[in-house]
Amino acid sequence: MRGDVPLTEDQWRRIDEVVTEAARQSLVGRRFIPLFGPVGPGVITVPEETYYHVDIGRIDVTGEQDEGAVIRPTRKEYVTLPILHKDFFLHWRDIEQSAQFNLPLEAGAAATAAMHTARAEDDLIFNGYPPLNQDGLLTVEGRHVLPMRDWDQVGAAFDDVVAAHQRLVEAGFYTPMALAVSPRRYANLHRVYANTAVLEIEQIQKLMRAGVFQTPVIPDDRAAVVATGEQNVDLALAQDFITAFLESRNMNHYFRVFEVAALRIKRPDAVVTLEMGAREGGPPRGRRAGR
């Protein structure tokens with residue numbers, strides 16, 4: 001519908017550049033979760049194969065193995081790809097001024113819409129989307145759960161991350177791991193560790209080789225450690241970030257920044273959540289709630 005609004009090619013290019021850059025700066029989950037697609041905006045569902053309790057490889061002389069040792073998905077379902085979006089409008093006089101005086105189009109509203117759409121994506125990644133029974137990294141059944149210490153105490157965060165790292169390695173995950181926390185907990189990490197001259201986050205980064213990230217969609221009483229890799233988790237895209245024209249009303253023009261995406265957690269046991277008040281436990285054995 002871009003042809004229905006009086007924007008020049010340069011003005012559209014300006015909006016696209018601003019939206020892309022604002023999204024890039026705001027997105028957190030994508031910094032350590034690989035992408036699948038885009039497969040096209042008309043795609044409504046994508047397959048999701050989940051694997052639980054995968055055994056190690058076999059050693060024998062003939063190369064034969066019993067049927068039960070073959071890797072196959074424990075569950076295969078089709079995940080609906082929801083639309084994540086935020087609308088904005090441009091005043092007709094701003095568009096005219098840009099064209100008349102050859103000035104860059106004021107695109108702050110587009111950038112803000114992109115930032116809020118990015119926030120929705122991270123909320124989907126970490127907390128899921130209950131109306132569609134979609135899990136996030138903090139909620140997926142089958143994840144490891146470890147108690148979270150008081151990170152206001154120096155060294156507590158490092159001890160928790162060490163425990164999560166150890167749990168994942170013991171479960172057979174060796175890919176680079178990432179830590180995601182709330183902004184407050186991220187600030188907790190910027191203190192000198194013990195009697196060294198090293199910040200606690202620097203110690204943690206030696207274990208979390210995929211990075212340490214902060215996002216406001218994670219509450220202060222939780223944190224997530226994830227073994228990265230598309231074999232463990234990915235973000236399926238039907239349509240990546242784009243701006244569409246919606247309508248003109250009262251001479252002003254309304255737009256929508258949107259994407260179409262869903263998180264696919266293929267190995268729930270590649271995730272460890274640290275939770276205050278939680279009891280230590282391994283991956284639950286059942287199906288996801290609501291499935």
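The values are calculated or read from the model by the stated rules, or taken from the named source; none is laboratory data. Here the structure is a predicted model, which means the values were calculated and not measured. Because the Cβ atoms are built from the backbone with ideal geometry, glycine has one as well, and the counts that use them run over all protein chains shown. Side chains included, ligands, DNA and RNA excluded: accessible areas come from the protein's heavy atoms. Shrake-Rupley method; radii C 1.70, N 1.55, O 1.52, S 1.80 Å.
Quick notes
- Flag for LEU138 being of a type in the set (A, V, I, L, M, F, W, C) and in contact with a helix residue (DSSP H, G or I) (Cβ under 7 Å, 6 or more places away or on another chain): yes
- Condition check for ASP234 on (1) at pLDDT 95 or above; (2) part of a strand (DSSP E or B); (3) of a type in the set (Asp, Glu); (4) open to solvent by 40 Å² or more (accessible area, probe 1.4 Å): one failure, at (4).
- Evaluation of SER248 against (1) touching a Phe, Trp or Tyr at 6+ places or on another chain (Cβ under 6 Å); (2) open to solvent by 60 Å² or more (accessible area, probe 1.4 Å); (3) more than 23 Å from GLN25 (Cα to Cα) (one fails), failing number: (1)
- When we screen ASP160, ASP240, ASP220 for residues that are modelled with pLDDT of 95 or more and in a helix (DSSP H, G or I), the only hit is ASP160.
Residue-wise test of (1) in a loop (DSSP other than H, G, I, E, B); (2) in contact (Cβ under 8 Å) with a residue 60 or more places away in the chain.
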| position | (1), (2) |
| --- | --- |
| ARG24 | no, no |
| VAL39 | yes, yes |
| GLY42 | yes, yes |
| VAL46 | no, yes |
| VAL54 | yes, yes |
| GLY63 | yes, no |
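- Under the condition of being more than 12 Å from ALA270 (Cα to Cα), in contact with a Gly (Cβ under 8 Å, 6 or more places away or on another chain) and open to solvent by 20 Å² or more (accessible area, probe 1.4 Å), the residues counted in the range 158-209 number 3.
- Cβ-Cβ contacts under 8 Å between residues 6 or more apart (or on different chains), taken from a first residue in the range 163-182 that is of a type in the set (Ser, Thr, Tyr) to a second residue that is open to solvent by 40 Å² or more (accessible area, probe 1.4 Å), are listed as SER182/GLN214; SER182/PRO216; SER182/PRO219; SER182/ASP220; SER182/ARG222.
- The set of residues from the range 98-156 being of a type in the set (A, V, I, L, M), open to solvent by less than 40 Å² (accessible area, probe 1.4 Å) and outside any helix (DSSP H, G or I) comprises LEU105, ALA107, LEU137, LEU138, VAL140, VAL145, LEU146, MET148.
- Hits in the range 28-72 - residues which are of a type in the set (A, V, I, L, M) and touching a strand residue (DSSP E or B) at 6+ places or on another chain (Cβ under 9 Å): VAL28, ILE33, LEU35, VAL39, VAL43, ILE44, VAL46
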